[in-house]
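Enquirer: This is the structure, below, for whatever I ask next.
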Amino acid sequence: MSTASAPAPAPARAAPPAISVEAVSITYHSSLQARGQQTLVGTLSRLRRRKKIVKQVKAVREVSLEVPRGTVLGIIGANGAGKSTLVRAMAGILPPTSGKIEVHGRVSTLLALGVGFDRKLTGRQNVILGGLAAGLSREQLEGKYAEIVEFAELEEFMDMPMRTYSAGMYGRLAFSVAVNMEPDILLIDEALSVGDAHFKRKSFDKMRELCEAAHTIVLVSHGMRAMRELADEVLWLDKGEMKGYGPPPKIIREYQRFMKVEEDDAVGEEDV
């Protein structure tokens with residue numbers, strides 16, 4: 001008598017990457033008034049015709065990559081390389097001109113210090129609004145609020161309008177809100193240099209703690225030390241194009257050689 005064999009178990013489906021970027025390009029269009037002979041007649045004529053020159057800026061060009069869950073991706077490049085544009089697209093702030101981006105998980109962003117804060121409101125009110133916007137309940141916020149304020153070291157200023165804050169205080173609170181919301185994915189653009197030397201060190205240690213806790217992080221920075229110590233992979237952008245992608249020592253070395261910066265040069269290193 002034959003017996004039917006049990007069906008083989010279906011293979012487990014691999015979890016999708018935290019972030020998937022597929023052939024993404026982002027182009028800006030800016031309109032400039034045409035320059036001509038600077039005469040009154042010429043000016044009036046151009047105003048009647050509304051003659052404009054449309055300039056295209058290709059900020060990101062055909063970039064593809066995946067950021068696995070629990071990894072840290074560093075993005076480097078000179079000013080104007082497209083780093084911030086790409087991260088803003090990952091955050092859903094800028095739509096790609098072509099290609100697609102998929103993000104799986106709750107995202108916390110620190111793309112420009114203080115963006116999202118209402119300067120007329122107090123620090124306390126802004127933290128509460130930020131937490132609710134991030135999807136936290138009132139109960140969760142009660143526990144998080146004390147951590148945020150303690151980390152930012154702004155206990156005596158939290159009931160003051162944020163228009164009275166210095167740039168350093170603004171940045172400390174923004175950083176503290178972003179890193180203490182327990183995000184699945186954290187997107188940070190040039191935020192490790194905020195505050196004095198003490199707070200820079202504290203911010204760097206907090207970032208290392210998040211990395212060790214297997215959070216997915218995308219970090220834009222000119223600081224090569226942060227990239228060496230925090231990143232699992234580094235993406236090098238140049239004029240919107242992917243110039244290099246791989247282990248931090250290799251990509252940083254190639255980038256510094258391209259920029260004609262010596263390996264032990266202090267340029268681009270954070271004082272932390």
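The values are calculated or read from the model by the stated rules, or taken from the named source; none is laboratory data. All values derive from a computational prediction rather than experimental measurement. With ideal geometry, Cβ positions are generated from the backbone for all residues, glycine too; neighbour counts draw on all protein chains shown.
Enquirer: Report those helices (runs of 4 or more DSSP H) wholly inside the stretch 83-186 carrying at least 3 residues which are out of contact with any Gly (no Cβ under 9 Å at 6 or more places or on another chain), without any contact (Cβ under 8 Å) to a residue 12 or more places away in the chain and not assigned by TED's automatic domain parsing to the domain that holds Val67.
Expert: Qualifying helices (runs of 4 or more DSSP H): 138-152.
Enquirer: Within the stretch 101-111, can one find any residue that is buried (at least 18 other Cβ atoms within 10 Å of the Cβ) and out of contact with any strand residue (DSSP E or B) (no Cβ under 6 Å at 6 or more places or on another chain)?
Expert: No; the residues of the stretch 101-111 include none that is buried (at least 18 other Cβ atoms within 10 Å of the Cβ) and out of contact with any strand residue (DSSP E or B) (no Cβ under 6 Å at 6 or more places or on another chain).
Enquirer: Of the numbered conditions (1) at pLDDT below 60; (2) surrounded by fewer than 17 Cβ atoms within 10 Å (Cβ to Cβ); (3) at positive phi, Ala23 satisfies every one except a single condition; which is it?
Expert: Result: Ala23 fails condition (1) only.
Enquirer: Which of the residues spanning the stretch 202-215 are crowded, with 18+ Cβ neighbours inside 10 Å and closer than 16 Å to Gly74 by Cβ?
Expert: Ser203, Phe204, Met207, Leu210, Cys211, His215
Enquirer: Just for strands (runs of 3 or more DSSP E) wholly inside the stretch 216-266: which have at least 3 residues that are surrounded by 20 or more Cβ atoms within 10 Å (Cβ to Cβ) and on the phi < 0 side of the Ramachandran plot?
Expert: 216-220, 233-238
Enquirer: Can I ask one more? I'd like to check something: does the stretch 130-137 contain any residue that is touching a strand residue (DSSP E or B) at 6+ places or on another chain (Cβ under 8 Å), modelled with pLDDT under 90 and surrounded by 14 or more Cβ atoms within 10 Å (Cβ to Cβ)?
Expert: Within the stretch 130-137, one or more residues are touching a strand residue (DSSP E or B) at 6+ places or on another chain (Cβ under 8 Å), modelled with pLDDT under 90 and surrounded by 14 or more Cβ atoms within 10 Å (Cβ to Cβ).
Enquirer: All but one of (1) touching a residue at least 40 places away in the same chain (Cβ under 8 Å); (2) β-branched (Val, Ile, Thr); (3) in a helix (DSSP H, G or I) hold for Ile75; which doesn't?
Expert: With respect to (1) touching a residue at least 40 places away in the same chain (Cβ under 8 Å); (2) β-branched (Val, Ile, Thr); (3) in a helix (DSSP H, G or I), Ile75 is out only on (3).
Enquirer: Considering every residue within the stretch 111-123, establish whether at least one is modelled with pLDDT under 85, closer than 26 Å to Asn79 by Cβ, in contact with an Asp or Glu (Cβ under 6 Å, 6 or more places away or on another chain) and not aromatic (Phe, Trp, Tyr). I'd like the intermediate steps shown before the answer.
Expert: If we filter the stretch 111-123 for residues that are modelled with pLDDT under 85, which is where we start, we get 111-117.
Okay, now just the ones that are also closer than 26 Å to Asn79 by Cβ, so 111-117.
Filter again for in contact with an Asp or Glu (Cβ under 6 Å, 6 or more places away or on another chain), leaving 111.
If we keep only those that are not aromatic (Phe, Trp, Tyr) too, we end up with 111.
Yes; the residues of the stretch 111-123 include at least one that is modelled with pLDDT under 85, closer than 26 Å to Asn79 by Cβ, in contact with an Asp or Glu (Cβ under 6 Å, 6 or more places away or on another chain) and not aromatic (Phe, Trp, Tyr).
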